[in-house]
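Trainee: This structure is in structure tokens; I'll ask about it shortly.
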Amino acid sequence: MTHVDTTSQSSPLGATVYEDGVNFSVFSRNATGVELLFFDREDDKKPARIIQIDPWSGRTYHYWHLFVPGIRAGQLYGYRVRGPYEPEKGMRFDPAKVLLDPYGRGVVVPRNYSRDAASREGDNAAAAMKSVVVDIRKYHWEGDTPIKRASSRTIIYEMHVRGFTRHPSSGVSEKTRGTYAGLIEKIPYLQELGVTAVELLPVFQFDAQDCPPGLVNYWGYAPVSFFAPHQAYSSRQDPLGPTDEFRDMVKALHRVDIEVILDVVFNHTAEGGHTGPTLSFRGLDNNIYYILEQDRSRYANYSGTGNTLNANNPIVRRMIVDSLRYWVGEMHVDGFRFDLASILARDASGCPMPNPPLLWDIESDPALAGIKIIAEAWDAAGLYQVGGFVGDSWKEWNGRFRDDVRSFFRGQDGSVTCFADRLVGSPQIYGHENREAEQSVNFVACHDGFTLNDLVSYNSKHNESNGEDNRDGSNDNLSWNCGVEGPTDDPAVEKLRNRQIKNFLTVTMLSLGVPMILMGDEVRRTQNGNNNAYCLDNDTSWFDWTLIKKHAGLHRFVKLLIARRRLRDVADEHRRVSLNQMLHEANKAWHGTKLDQPDWGDHSHSIAITAEIKKERLHFHMIMNAYREQLDFELPPAENGGKNPWRRWIDTSLDSPHDIFEWQASPPVSNHTYRAASHSVVVLWRNTSTD
């Protein structure tokens with residue numbers, strides 16, 4: 001063991017590279033001793049070098065720090081920390097365990113990594129993840145900066161880095177399938193689709209073994225580091241490869257004007273409950289990092305995953321904000337979606353706070369100004385804050401949009417009033433805050449639950465592959481299988497399913513708010529009825545690229561739908577003003593089958609709306625018929641002697657290419673009524689008379 005007594009700094013935390021060496025700093029209030037370990041390889045059974053940090057010269061307040069000359073980027077390291085093991089007092093120090101640096105910018109995972117070895121007694125050096133010294137200055141961004149597109153012009157594509165290109169049909173080379181580099185190869189697809197932002201499922205380093213035996217944690221909601229990109233998503237397996245490859249991906253997406261939003265998990269870690277592994281935070285200062293029960297040996301579990309991060313503790317709060325600053329400043333991401341964000345409003349006893357310090361820190365931090373911050377405004381313990389999340393900048397996943405749109409199109413009684421409210425920005429939810437419609441992130445399907453294909457193909461979940469006897473996942477999916485459970489060759493059922501999917505996509509894209517679609521929904525990706533595929537790293541979860549040809553009509557429909565959402569008018573493309581903004585400013589009127597006579601009754605299954613946009617000299621007329629039979633809807637009368645007729649842009653009941661037209665190619669509608677087929681959406685437009 002080497003004892004080093006040299007000048008070092010408590011700040012910045014983590015491993016900071018200088019010309020002549022590296023400064024290491026880590027926080028632990030209750031530790032009695034800290035060792036810094038250096039490894040030559042990730043699977044070494046013993047450290048190549050152990051340095052005891054001097055508790056007198058190397059400790060400032062509760063920060064343990066050390067400067068080591070001669071160390072360079074790429075060095076593997078970890079910590080061992082001594083202190084009391086008194087679970088009844090919340091103390092769980094274990095000097096036999098190799099711990100990750102909470103501020104480590106990189107992580108390596110040995111081939112024989114073992115979560116079990118970190119859970120049981122004894123040395124786990126050979127089977128432990130290690131941190132990597134990363135010199136964040138050594139990258140050429142070529143002038144790249146975050147895009148900061150207005151939310152009103154944003155269309156989000158929620159996707160999984162690995163799942164996007166892992167399928168053999170992706171056409172990506174075997175080396176880069178399922179990686180950041182593989183995603184770069186498929187950027188032209190995202191361009192053609194027309195989305196403006198990708199929202200990536202977790203890319204922080206996570207524990208893939210945090211799952212049932214024999215399976216793998218595929219989604220990534222099991223973080224072990226809040227600063228390191230996930231190693232397995234890099235085609236470069238050298239210690240510094242993941243950081244640079246991630247930045248290559250961000251830079252490539254920015255070059256084509258696509259933003260990068262990260263799904264971040266600050267509500268819990270992969271260390272689990274009281275029998276879980278000691279990977280980092282538990283062994284550094286368990287009392288600080290986690291919310292504990294009154295019985296201090298147990299963890300509060302507001303996340304549903306075994307533990308809850310003590311997010312409003314000053315040390316943890318600073319770490320979270322530092323993480324966000326790092327991903328914006330050094331990795332150039334454009335925003336974050338916060339998983340189970342309501343947990344971040346809880347104090348150390350688990351009680352919701354009216355003004356949570358962490359959330360206001362994020363809201364007000366100047367380094368984060370202008371980026372997108374999106375809350376999943378609920379948690380697993382029943383706290384539901386949709387419409388009531390704090391701050392002025394936070395957007396919210398609108399779970400009620402998802403539920404109410406599903407309810408309406410499955411023909412559920414009593415759904416028309418809420419559905420209509422969701423269509424115009426959910427003023428019943430957000431109106432009291434006097435906020436813009438874009439506070440609502442509108443979606444019908446996301447990673448958690450059925451895909452759109454499965455939403456119209458299954459009445460019940462089919463999660464047997466998860467190894468939990470189909471007990472996991474939600475039982476309340478508000479789905480309708482259109483008459484047959486699962487796949488079918490019945491052309492009538494398939495036609496109805498296509499129609500329903502187009503209904504969902506049309507309403508998502510044309511409602512006021514920020515639209516979000518799930519990877520593969522544009523080509524009917526299926527998970528075979530599994531609504532909780534978090535542990536299935538196989539073709540159940542991967543994007544099957546053969547579906548683009550199989551469902552070419554739907555793919556075309558989505559592309560044209562997105563294109564119109566993004567632009568005001570073909571003749572006015574250079575102004576880049578969104579349809580969302582245009583509709584928000586419009587005069588609106590509700591109708592039923594008769595003009596100005598909407599039926600808000602419990603048994604109503606149809607509604608229509610006219611929007612007059614005077615500045616654009618344009619009318620929209622949307623008909624939404626979720627009834628089991630066709631209905632005739634009166635149309636507002638033609639203007640200017642019929643010279644400005646209604647034109648049909650969308651009718652989801654029709655087959656491609658008649659279901660949607662290029663804007664200016666929309667055919668005229670000459671009748672005074674329009675017959676809307678059962679389970680369909682119709683969108684008409686016309687120019688307003690200039691007389």
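The values are calculated or read from the model by the stated rules, or taken from the named source; none is laboratory data. Bear in mind that the values here come from a model prediction, so they are computed numbers and not experimental data. Neighbour counts are summed over all protein chains in view; Cβ atoms, including those assigned to glycine, are modelled from backbone coordinates with ideal geometry.
Trainee: Residue 556 fails exactly one of the following numbered conditions: (1) at pLDDT 95 or above; (2) surrounded by 18 or more Cβ atoms within 10 Å (Cβ to Cβ); (3) touching a strand residue (DSSP E or B) at 6+ places or on another chain (Cβ under 9 Å). What is the number of that condition?
Mentor: All conditions pass for residue 556, except number (2).
Trainee: Do we have residue 73 as modelled with pLDDT under 95, among the hydrophobic types (A, V, I, L, M, F, W, C) and more than 23 Å from residue 202 (Cα to Cα) here?
Mentor: No: the conditions fail for residue 73.
Trainee: A further question on this structure: Go through the stretch 226-257 and report how many residues are surrounded by 21 or more Cβ atoms within 10 Å (Cβ to Cβ), part of a loop (DSSP other than H, G, I, E, B) and either under 19 Å from the mean Cα position of the chain (by Cα) or charged (D, E, K, R) (or both).
Mentor: 4
Trainee: How many residues does the stretch 329-387 hold that are surrounded by fewer than 16 Cβ atoms within 10 Å (Cβ to Cβ) and in contact (Cβ under 8 Å) with a residue 60 or more places away in the chain?
Mentor: Here the count works out to 1.
Trainee: Say whether the condition of being over 16 Å from residue 558 (Cα atoms), in contact with a strand residue (DSSP E or B) (Cβ under 7 Å, 6 or more places away or on another chain) and outside the structural domain of residue 679 (by TED's automatic domain parsing) is met by at least one residue in the stretch 502-511.
Mentor: no
Trainee: Examine the stretch 449-459 for a residue that is assigned to a helix (DSSP H, G or I), over 22 Å from the mean Cα position of the chain (by Cα), of a type in the set (Ser, Thr, Tyr) and over 17 Å from residue 337 (Cα atoms), and state whether such a residue exists.
Mentor: no
Trainee: Another question about this same structure. Given the criterion over 23 Å from residue 291 (Cβ atoms) and surrounded by fewer than 16 Cβ atoms within 10 Å (Cβ to Cβ), identify the matching residue among 80, 29, 72.
Mentor: Every option except 72 fails the conditions.
Trainee: On to the next question. Mind counting the residues in the stretch 460-492 that are without any contact (Cβ under 8 Å) to a residue 40 or more places away in the chain and outside any loop (DSSP other than H, G, I, E, B)?
Mentor: Total satisfying the criteria: 3.
Trainee: If only one of 471, 497, 524 is over 14 Å from residue 405 (Cα atoms) and surrounded by fewer than 18 Cβ atoms within 10 Å (Cβ to Cβ), which one is it?
Mentor: None of the other options fit; the residue is 471.
Trainee: Examine the stretch 140-162 for a residue that is of a type in the set (Phe, Trp, Tyr) and within 21 Å of the chain's Cα centre (by Cα), and state whether such a residue exists.
Mentor: Checked the stretch 140-162: at least one residue is of a type in the set (Phe, Trp, Tyr) and within 21 Å of the chain's Cα centre (by Cα).
Trainee: Contact list please: Cβ distance under 6 Å, first residue in the stretch 99-119 and assigned by TED's automatic domain parsing to the domain that holds residue 239, second residue crowded, with 23+ Cβ neighbours inside 10 Å, pairs at least six apart or on different chains.
Mentor: Correct list of pairs: empty, since none qualify.
Trainee: Further, regarding this structure: Please work out which residue is surrounded by the most Cβ atoms within 10 Å (Cβ to Cβ), limiting yourself to the stretch 118-175 and to residues that are among the hydroxyl-bearing types (Ser, Thr, Tyr) and under 19 Å from residue 225 (Cα atoms).
Mentor: 131
Trainee: Collect the residues in the stretch 87-137 that are under 25 Å from residue 298 (Cα atoms) and in a helix (DSSP H, G or I), keeping them in residue-number order.
Mentor: Result: 87, 88, 89.
Trainee: For residue 176, which of the numbered conditions (1) modelled with pLDDT under 95; (2) in contact with a Gly (Cβ under 8 Å, 6 or more places away or on another chain) fails to hold?
Mentor: Here residue 176 meets the rest and fails (1).
Trainee: For the structure I just gave you, tell me whether residue 212 is touching a helix residue (DSSP H, G or I) at 6+ places or on another chain (Cβ under 8 Å) and over 17 Å from residue 178 (Cα atoms).
Mentor: Yes.
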